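Single-structure report; data block below.
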Amino acid sequence: MVIYIKNMVCARCKMAVESLFKGMEITPIIIELGEVHLHEELNRKQLTQLEEKLYEIGFELLDDKRSKLVMKIKSVLITLIQDANGYLETPLSVFVSEQVGQDYNSLSQLFSQLESTTIEQYYILLKIERVKELLVYDELSLKEIAFQLNYSSVAHLSTQFKKVTGLTPTHFKSLRHNRRELIDKL
């Protein structure tokens, strides 16, 4: 059985969900972003309890097929940004299609309908959130960040950053009180 969970966006989310399952004395086979694979089906009471406990810590169970597919797309993109810094050897459309196992055009239409943004725009938002994070850490130069996140140049990163945030990366970095948006709200 696979359970789909909305708002799982990082390793800490996976740990929180794992802890919740342990507390319910359910041992998952594997926990991925947005998915928990179980050995057996949960009964109605367990599902209701799981739904309540997930809600308490900021997650939701997904039960409709379309929402599950959108969550899968988001998980693929989040993992790409977190684990590979957004590095792609193929176009984004090919990558998403291969990872999800469906035609990109239908995935793109569904994503746009449910999220009111395109897959590409969502991907850019994730990259900009990662740039913000790296700027706040203050360990890499803007040139190093551009290289790490596969921007063709610092100018391209800066233009995209300003378009999304309204600020230049340098101005953002100077505003220490800025906080990153929660990725699960994107």
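Okay, here's what the table says:
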{"quantity": "Residue satisfying condition, being within 17 Å of Glu32 (Cα to Cα) and buried (at least 17 other Cβ atoms within 10 Å of the Cβ), within set Ser97, Ser75, Ser67", "calculated": "Ser75"}
{"quantity": "Residues that are modelled with pLDDT under 95, open to solvent by 50 Å² or more (accessible area, probe 1.4 Å) and of a type in the set (A, V, I, L, M), drawn from segment 141-186", "calculated": "Leu182"}
{"quantity": "Filtered residues of segment 55-77 (kept if in a helix (DSSP H, G or I), hydrophobic (A, V, I, L, M, F, W, C) and touching a helix residue (DSSP H, G or I) at 6+ places or on another chain (Cβ under 7 Å))", "calculated": "Leu69, Val70, Ile73, Val76, Leu77"}
{"quantity": "Criterion violated by Glu25 - all others in (1) within 30 Å of Leu149 (Cβ to Cβ); (2) part of a loop (DSSP other than H, G, I, E, B); (3) open to solvent by 40 Å² or more (accessible area, probe 1.4 Å) satisfied", "calculated": "(1)"}
{"quantity": "Contacts under 7 angstrom Cβ, first residue in segment 90-101 being of a type in the set (Ser, Thr, Tyr), partner open to solvent by less than 40 Å² (accessible area, probe 1.4 Å) and part of a helix (DSSP H, G or I), 6 or more apart", "calculated": "Ser93/Tyr104; Ser97/Tyr104; Ser97/Leu107"}
{"quantity": "Residue that is least open to solvent (accessible area, probe 1.4 Å), among those in segment 78-94 that are in a helix (DSSP H, G or I) and more than 15 Å from Ile119 (Cα to Cα)", "calculated": "Ala84"}
{"quantity": "Whichever residue in segment 114-125 is in contact (Cβ under 8 Å) with a residue 40 or more places away in the chain and of a type outside the set (A, V, I, L, M, F, W, C) and, among such residues, is farthest from Ser152 (Cα to Cα)", "calculated": "Glu115"}
{"quantity": "Flag if Glu25 is at positive phi and without any contact (Cβ under 8 Å) to a residue 40 or more places away in the chain", "calculated": "yes"}
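The values are calculated or read from the model by the stated rules, or taken from the named source; none is laboratory data. Bear in mind that the values here come from a model prediction, so they are computed numbers and not experimental data. Every residue, glycine among them, receives a Cβ derived from its backbone with ideal geometry; neighbour counts consider all protein chains shown. Side chains are part of the model used for accessible areas, which takes the heavy atoms of the whole protein and leaves out ligands, DNA and RNA. Shrake-Rupley method; radii C 1.70, N 1.55, O 1.52, S 1.80 Å.
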